[in-house]
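For reference, the structure discussed in these notes is given below.
The values are calculated or read from the model by the stated rules, or taken from the named source; none is laboratory data. Source: prediction; values computed, not measured. When we count neighbours, we look across all protein chains shown, and the Cβ atoms used for this are built from the backbone with ideal geometry, even at glycine.
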Amino acid sequence: RFPTGRFDLATCVRSGQAFRWEESADSSWFGVDGDFWYRVSPSISINEQESVVQVESNGTQADFEHLFRLEWDSEAIEREIIQSAPELATYLGAFSGLRVMRASCSTESFFSFMCTPNNNLTRIVPMVRYLATFGEVLDVVDGKPVHRFPDAETIASIPESALRAKAFGYRGATIPEVARQVAQKKKGWIESLKDEPYDE
């Protein structure tokens, strides 16, 4: 449950924060985050104050709430932002259901955003989905394999020609090269960046 108007899944997953979500014909969404997959129905108002979504997943309710920061009071955060920057009120009002997502796989975030410079969602989404096919199968849902995002060592082994054939362009060379550099660092290096001071 969450306050009505305070969580719009479609807005969240279309906003360029995550790239492995797909809308189904019945208006539900299917997405993958780290070790978890989610099938999410459209939100339903249960009264004037609260809405609810039905979620099918191999994860828990807590995992879903963590991903979308549903434990955060977005109204209080919005008031704090407007107090500091009143000029943002119009924009915050237009996107009241947008939440800053908390992705659980730092490696996926790192390499997904290597696909984004000089690019758009129409091209980024298939690129990230293609990279994901190199990961191990996490589950099979509706007869289709759901992949965990691959590690740096696996990405480093993808041939440049395979990526260029999938419209990665110059990224066909740079993504495996960066993956090789990451693979030479200590295990968990990307994840460790979360603990670094902001300036660093």
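Can you tell me which residue among 28, 74 is in contact with a Lys or Arg (Cβ under 9 Å, 6 or more places away or on another chain) and over 26 Å from residue 128 (Cβ atoms)? Can you show your working first?
Details: 28 fails: over 26 Å from residue 128 (Cβ atoms).
Answer to the check: 74.
Here the stretch 120-137 is the region considered, the condition is being buried (at least 18 other Cβ atoms within 10 Å of the Cβ) and not β-branched (Val, Ile, Thr), and the residue that is farthest from the chain's Cα centre (by Cα) is 135.
Considering every residue within the stretch 100-108, establish whether at least one is free of Cβ contacts under 8 Å to residues at least 60 places away in the same chain and either under 18 Å from the mean Cα position of the chain (by Cα) or under 28 Å from residue 182 (Cα atoms) (or both). Quick ask: steps written out before the conclusion?
At the first step, the residues of the stretch 100-108 found to be free of Cβ contacts under 8 Å to residues at least 60 places away in the same chain are 102.
Next, only the ones that are either under 18 Å from the mean Cα position of the chain (by Cα) or under 28 Å from residue 182 (Cα atoms) (or both) stay: 102.
There is at least one residue in the stretch 100-108 that is free of Cβ contacts under 8 Å to residues at least 60 places away in the same chain and either under 18 Å from the mean Cα position of the chain (by Cα) or under 28 Å from residue 182 (Cα atoms) (or both).
Applying the set (1) among the small types (Gly, Ala, Ser); (2) surrounded by 15 or more Cβ atoms within 10 Å (Cβ to Cβ); (3) under 25 Å from residue 21 (Cβ atoms) to residue 156 leaves exactly one unmet item: (3). Within the stretch 139-163, the set of residues being acidic (Asp, Glu), out of contact with any strand residue (DSSP E or B) (no Cβ under 7 Å at 6 or more places or on another chain) and under 13 Å from residue 34 (Cα atoms) comprises just one member, 151. Of the helices (runs of 4 or more DSSP H) entirely within the stretch 88-138, those holding at least 1 residues that are basic (Lys, Arg) and closer than 20 Å to residue 38 by Cβ occupy 121-132. Is it the case that some residue within the stretch 41-50 is modelled with pLDDT of 95 or more and among the charged types (D, E, K, R)? Within the stretch 41-50, not a single residue is modelled with pLDDT of 95 or more and among the charged types (D, E, K, R).
So, in the stretch 168-183, how many residues would count as being farther than 12 Å from residue 131 by Cα and assigned to a loop (DSSP other than H, G, I, E, B)? Total satisfying the criteria: 2.
Looking only at the stretch 188-200, decide whether some residue is without any contact (Cβ under 8 Å) to a residue 24 or more places away in the chain, surrounded by 12 or more Cβ atoms within 10 Å (Cβ to Cβ), acidic (Asp, Glu) and farther than 19 Å from residue 32 by Cβ. No: zero hits.
Every residue, every condition in (1) modelled with pLDDT under 95; (2) in contact with a strand residue (DSSP E or B) (Cβ under 9 Å, 6 or more places away or on another chain), yes or no:
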position: 52; (1), (2): yes, yes
position: 56; (1), (2): no, yes
position: 59; (1), (2): no, yes
position: 76; (1), (2): yes, no
position: 84; (1), (2): no, no
position: 110; (1), (2): no, no
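You will find that of 94, 76, the residue that is closer than 19 Å to residue 15 by Cβ and exposed (fewer than 12 other Cβ atoms within 10 Å of the Cβ) is 94 and no other.
For the stretch 5-27, check the following and say yes or no: at least one residue is more than 22 Å from residue 123 (Cα to Cα), surrounded by 12 or more Cβ atoms within 10 Å (Cβ to Cβ), free of Cβ contacts under 8 Å to residues at least 60 places away in the same chain and touching an Asp or Glu at 6+ places or on another chain (Cβ under 9 Å). There is no residue in the stretch 5-27 that is more than 22 Å from residue 123 (Cα to Cα), surrounded by 12 or more Cβ atoms within 10 Å (Cβ to Cβ), free of Cβ contacts under 8 Å to residues at least 60 places away in the same chain and touching an Asp or Glu at 6+ places or on another chain (Cβ under 9 Å).
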